[in-house]
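The values are calculated or read from the model by the stated rules, or taken from the named source; none is laboratory data. Remember, it's a predicted structure, so these values are computed and weren't measured experimentally. No Cβ is skipped: glycine too gets one built from the backbone with ideal geometry, and neighbour counts run over all protein chains shown. Quick note on the areas: whole protein, heavy atoms, side chains included, nothing else; ligands and nucleic acids left out. Shrake-Rupley method; radii C 1.70, N 1.55, O 1.52, S 1.80 Å.
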Amino acid sequence: MGKGITLTVGLDLGDRKSQYCVLDHVTGEVMDEGKVAMVRPKMEEFLRTLGRSRLVLEAGTQSAWVTHLAEEVGHEVLVAQPSKFRAIAASNRKSDKVDARTLAMVGRVDPRLVFPVKHRGPQTQLDRATLRSRDALVRARTLLVNHCRSTSKLFGERAGSCSTSAFPKKFRDTMTAELRKLLEP
């Protein structure tokens, strides 16, 4: 860890743009600061402009794809565990610029201080996202079926029992014109 590293880069990930702070790995001198767009082509372009570097960022929604991209490009990546890395969370000087600088400084001095975590691999993340998407769709379908059933009761009607897959046709065939106006898209 750390062999051939010339720069330490703190990257405070944002929704649309991320603040970065580039330090000379040996002297700790600030070499560059700025922002980069949080889209893959711009992030890749930014990462490729750096020599082999140590990239330090906090774990979050977008940290996995940035981590995988940075590792593909050849950087060493430290993902700080926010719940244990209090230097940012407990700071009274909150700003993206300060956070990026803090990540870089701490990651340069002693990587253990960020309590680094390892992201799951891209395939595992894809599999988990697929499962979460399916779960969200099933919950949404259940919510909609329950809504249709309870709304029909408001008008003295009752949707007959059936499987969830058969529900749309069966309910559509039995609902009144008044319910149709309320419930159809």
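What part of the accessible area of segment 88-175, given as a whole %, is carbon or sulfur when the probe is 1.4 angstrom?
On the way: 3620 of 6340 Å².
On segment 88-175, the fraction of accessible area on carbon and sulfur atoms equals 57 percent.
Add +1 for every Lys or Arg and -1 for every Asp or Glu among the other residues with Cβ under 13 Å from the Cβ of Gly160, and state the total. Don't jump to the answer; show the numbers that get you there.
Details: positive: Arg149, Lys153, Arg158, Lys169, Lys170, Arg172; negative: Glu157, Asp173.
Cβ neighbours under 13 Å give a net charge of +4.
Of Lys17/Lys97; Lys35/Lys97; Lys17/Lys94; Lys35/Lys118; Lys17/Lys118, which pairs sit farther than 20 Å apart, going by alpha carbon to alpha carbon?
Numbers: Lys17/Lys97 12 Å; Lys35/Lys97 9 Å; Lys17/Lys94 16 Å; Lys35/Lys118 25 Å; Lys17/Lys118 23 Å.
Table pairs above 20 Å Cα-Cα are Lys35/Lys118; Lys17/Lys118.
Rounded if a/c is under 1.5, else prolate if a/b is larger than b/c, else oblate: which is segment 100-185, with a ≥ b ≥ c the root eigenvalues of its Cα gyration tensor?
Numbers: a/c = 5.46, a/b = 3.42, b/c = 1.60.
The shape class here is prolate.
Going by the alpha-carbon gyration tensor, a ≥ b ≥ c the square roots of its eigenvalues, is segment 9-73 rounded (a/c under 1.5) or, if a/c is not under 1.5, prolate (a/b greater than b/c) versus oblate? List each step's numbers first, then the result.
On the way: a/c = 1.63, a/b = 1.47, b/c = 1.11.
Because a/c hits 1.5 or more and a/b exceeds b/c, segment 9-73 counts as prolate.
Please calculate how many Å² of accessible area the chain carries per residue, with a 1.4 Å probe and no DNA, RNA or ligand atoms counted. Let's see the in-between values first.
Numbers: 11450 Å² over 185 residues.
On a per-residue basis, 62 Å².
Compute, for the chain, the length of the dipole vector about the Cα centre, with Cβ point charges of +1 (Lys, Arg) and -1 (Asp, Glu) only. Units Debye, rounded to 20. Walk me through the intermediate numbers first.
Working: 32 positive and 21 negative charges, 185 e Å.
It works out to roughly 880 debye.
If you count the DSSP beta bridges with both ends in segment 1-119, what percent of them are antiparallel, to the nearest 5? It would help to have the intermediate numbers written out before the result.
Numbers: 15 of 25 bridges.
About 60 percent, rounded to the nearest 5.
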